[in-house]
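Undergrad: Mind looking over this structure? Questions follow.
The values are calculated or read from the model by the stated rules, or taken from the named source; none is laboratory data. Just so you know, these numbers come straight off a predicted model, no measurement behind them. Because the Cβ atoms are built from the backbone with ideal geometry, glycine has one as well, and the counts that use them run over all protein chains shown. SASA here: full protein model, heavy atoms, side chains in, ligands and nucleic acids out. Shrake-Rupley method; radii C 1.70, N 1.55, O 1.52, S 1.80 Å.
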Amino acid sequence: MAANTRDIRRRIKSVKNTAQITKAMQMVAASKMRKAQLAAIASRPYAQELSRLLLPFSDAVNEDENLVHPLMSVKADGKDLVLLIATDKGLCGALNTNILREVSRFAPETTEFVCVGKKGVQFLARAKRTVLADFHLKDNFSFYDAQAVAKFCIERFAKGDIKRVVVLYTHYVNTLVQAPSERVVIPVQSFEVGHAELGHDSEKSDTVVKPEVTEYILEPNGRDFLGSLLPHFVCYKIFHVILEARASEHSSRMVAMKNATDNAKQLIKDLTLEYNKIRQASITTEILEIASAQMILS
Amino acid sequence: MPTLKLEIFTPEAVAYRDDVEMVLIPAELGDMGVYPMHVPLMTRIMPGELIVTKDGESVHLAIGEGFAEITQTHVRVLVDMAIEERYIDEKAAEEAVARAQQEIREALMGNQEVAAAQIALLKSLAQLKVRRRQYSSSLK
């Protein structure tokens with residue numbers, strides 16, 4: 001009996017420790033999620049200006065063949081380059097499972113991968129897929145870091161046998177819901193950044209205001225200007241997608257850790273009840289023994 | 001006095017937003033002073049020093065690569081870095097310069113990477129230039 005209560009006490013202690021850890025991870029994830037959200041919101045004015053800057057070109061490109069940039073060329077056949085954005089660490093619920101399931105939709109022969117996040121690389125290695133590069137981005141990665149990823153994709157596309165560059169990432173719907181989704185970043189077909197923005201006021205969509213003047217002087221010239229603006233646009237898109245994937249990761253981890261903490265608390269409750277039952281039972285037997293001994297003596 | 005609305009955007013934040021009298025932009029084809037009623041123009045920007053004049057005083061910013069859109073009433077600058085002189089970390093910039101120079105010297109990398117290192121070098125140098133300018137003027 002005594003051994004049994006000691007066992008239960010030990011288990012309660014260890015579950016308590018686990019609960020403490022998961023609770024701490026939950027808090028950390030919550031604050032990181034907030035940071036990722038804020039970063040996405042802070043970059044929104046930049047996004048709006050960028051698509052506004054590109055807007056005059058959307059008509060010009062249709063009129064002037066000369067302006068059409070290689071990044072905009074639509075090809076009939078070629079391989080897909082998939083930029084897979086997974087997480088570095090586990091313990092974030094079904095996030096990685098969901099995103100990696102999407103990988104199977106791309107045929108191994110016609111797909112090459114570029115990967116952000118260790119979990120993605122590990123999976124692709126196991127699945128024996130072609131991985132061209134993997135990038136490691138810190139939690140507080142900068143635009144410059146994302147640029148390296150984007151530049152790699154652009155260079156690979158420029159080699160010619162790639163039809164399109166697709167980003168496979170986890171779309172942030174809200175704290176509880178994250179959906180795996182894909183977005184084609186190259187060829188560039190629309191200059192709108194217009195997608196559901198991260199943050200809370202998604203109804204305030206990126207309505208692009210027509211610029212007041214339409215005739216600009218372009219320095220050094222139209223072709224070069226667009227030529228450097230377009231890769232930059234792709235860089236920004238990829239930067240934003242990674243930010244969004246990060247927010248998804250952290251919110252998913254937060255929810256998973258909250259569930260773990262709740263479960264641990266429930267387990268502690270059940271174990272405590274069990275422990276008390278056993279303790280009570282042993283006290284009752286002891287009293288019974290004393291009482292019966294006294295009855296015999298009297 | 002007519003003013004220009006100057007807005008400087010970076011992917012991380014809106015770095016500057018104010019009505020100003022004049023702005024000096026390090027454009028690709030040379031430094032460019034912009035007053036109100038400028039002809040509409042778009043240009044690429046090289047890493048360097050951007051000077052804003054407002055109420056007779058000037059603010060210096062170190063900026064990175066990017067683009068500028070100029071209209072008669074607005075100047076919108078999109079760059080990957082924009083730091084006002086008082087926020088520049090001189091030590092960090094010096095280290096960045098040393099690191100970039102080291103990378104270029106070793107030149108084990110491909111052309112693309114050398115170009116990236118050169119841009120990084122220019123950006124750090126721009127920070128130092130803006131920062132040191134303030135020092136020399138405060139010593140006088």
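Undergrad: When you look at B:A98, is it assigned by TED's automatic domain parsing to the domain that holds B:A126 and either touching a Phe, Trp or Tyr at 6+ places or on another chain (Cβ under 9 Å) or open to solvent by less than 30 Å² (accessible area, probe 1.4 Å) (or both), yes or no?
TA: So B:A98 fails the test.
Undergrad: For segment A:260-274, give me the residue count where each residue is in contact (Cβ under 8 Å) with a residue 60 or more places away in the chain and open to solvent by 40 Å² or more (accessible area, probe 1.4 Å).
TA: The number of residues fulfilling the criteria is 4.
Undergrad: Here's something else I'd like to know. In this structure, does A:N66 turn out to be touching a residue at least 12 places away in the same chain (Cβ under 8 Å), of a type outside the set (D, E) and surrounded by fewer than 13 Cβ atoms within 10 Å (Cβ to Cβ)?
TA: Here the answer is yes, as A:N66 does meet what is asked.
Undergrad: Take the residues in segment A:167-188 that are open to solvent by less than 40 Å² (accessible area, probe 1.4 Å) and of a type in the set (V, I, T); name whichever of them is farthest from A:T130 (Cα to Cα).
TA: Among those that are open to solvent by less than 40 Å² (accessible area, probe 1.4 Å) and of a type in the set (V, I, T), it is A:V188.
Undergrad: Kindly indicate which of B:P40, B:P47, B:P26 is modelled with pLDDT of 90 or more and within 14 Å of another protein chain (Cβ to nearest Cβ).
TA: Of B:P40, B:P47, B:P26, the one residue that is modelled with pLDDT of 90 or more and within 14 Å of another protein chain (Cβ to nearest Cβ) is B:P26.
Undergrad: Same structure again: Name the single residue, out of those in segment B:10-20 being part of a loop (DSSP other than H, G, I, E, B) and buried (at least 18 other Cβ atoms within 10 Å of the Cβ), that is farthest from the other protein chains (Cβ to nearest Cβ).
TA: Applying the filter and picking the extreme gives B:T10.
Undergrad: Among the residues of segment A:23-57 satisfying the criterion of being within 11 Å of chain B (Cβ to nearest Cβ) and under 21 Å from the mean Cα position of the chain (by Cα), which is most open to solvent (accessible area, probe 1.4 Å)?
TA: A:L38
Undergrad: Collect the residues in segment A:157-166 that are more than 12 Å from chain B (Cβ to nearest Cβ) and open to solvent by 20 Å² or more (accessible area, probe 1.4 Å), keeping them in residue-number order.
TA: Matches in segment A:157-166: A:K159, A:G160, A:D161, A:K163, A:R164.
Undergrad: May I pose another question? Among the residues that make up segment B:79-91, is at least one of them within 9 Å of another protein chain (Cβ to nearest Cβ) and surrounded by fewer than 16 Cβ atoms within 10 Å (Cβ to Cβ)?
TA: no
Undergrad: Please enumerate the residues belonging to segment B:1-21 that are closer than 24 Å to B:D80 by Cβ and out of contact with any helix residue (DSSP H, G or I) (no Cβ under 7 Å at 6 or more places or on another chain).
TA: Matches in segment B:1-21: B:L4, B:K5, B:L6, B:E7, B:I8, B:A15, B:Y16, B:R17, B:D18, B:V20.
Undergrad: Assess whether A:I12 counts as being touching a Ser or Thr at 6+ places or on another chain (Cβ under 7 Å) and not aromatic (F, W, Y).
TA: When the stated conditions are applied, A:I12 passes them.
Undergrad: For segment B:68-85, indicate whether the set of residues that are out of contact with any His (no Cβ under 8 Å at 6 or more places or on another chain), more than 17 Å from A:L53 (Cβ to Cβ) and modelled with pLDDT under 90 is non-empty.
TA: yes
Undergrad: Still on this structure, please answer the following. Restricting segment A:225-242 to residues that are closer than 13 Å to A:P70 by Cα and touching a residue at least 12 places away in the same chain (Cβ under 8 Å), which is nearest to the other protein chains (Cβ to nearest Cβ)?
TA: For segment A:225-242, the residue satisfying everything is A:L229.
Undergrad: Give all pairs with beta carbons closer than 7 Å in which a residue from segment A:131-149 that is farther than 14 Å from B:P11 by Cβ and open to solvent by 50 Å² or more (accessible area, probe 1.4 Å) meets a residue that is β-branched (V, I, T) and assigned to a helix (DSSP H, G or I); count only pairs at least 6 apart in sequence or on separate chains.
TA: Within 7 Å, the pairs are A:V131/A:V121; A:D134/A:V121.
Undergrad: Now for a different question. Exactly one of (1) away from every other protein chain (no Cβ under 14 Å); (2) assigned to a strand (DSSP E or B) is unmet by A:V74. Its number?
TA: Checking A:V74 against (1) away from every other protein chain (no Cβ under 14 Å); (2) assigned to a strand (DSSP E or B), the one that fails is (2).
Undergrad: Determine whether B:E84 is out of contact with any Lys or Arg (no Cβ under 7 Å at 6 or more places or on another chain) and farther than 30 Å from A:F57 by Cα.
TA: Against the criterion (out of contact with any Lys or Arg (no Cβ under 7 Å at 6 or more places or on another chain) and farther than 30 Å from A:F57 by Cα), B:E84 qualifies.
Residue-by-condition table, conditions (1) assigned to a loop (DSSP other than H, G, I, E, B); (2) at pLDDT 90 or above; (3) out of contact with any Phe, Trp or Tyr (no Cβ under 7 Å at 6 or more places or on another chain):
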site	(1), (2), (3)
A:F113	no, yes, yes
A:F123	no, yes, yes
A:D134	no, no, yes
A:L137	yes, no, yes
A:N140	yes, no, yes
A:R156	no, no, yes
A:T170	no, yes, yes
A:T175	yes, no, yes
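One line per residue, one yes/no per condition, for (1) within 20 Å of A:S252 (Cβ to Cβ); (2) under 15 Å from the mean Cα position of the chain (by Cα):
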| site | (1), (2) |
| --- | --- |
| A:N96 | yes, yes |
| A:S104 | no, no |
| A:E109 | no, no |
| A:G120 | yes, yes |
| A:V131 | no, no |
| A:A146 | no, yes |
| A:A150 | no, no |
| A:E155 | no, no |
| A:A158 | no, no |
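The rows are residues; the columns are (1) hydroxyl-bearing (S, T, Y); (2) at pLDDT below 50.
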site	(1), (2)
A:F191	no, no
A:A196	no, yes
A:G199	no, yes
A:K204	no, yes
A:P220	no, no
A:R223	no, no
A:L226	no, no
A:F233	no, no
A:Y236	yes, no
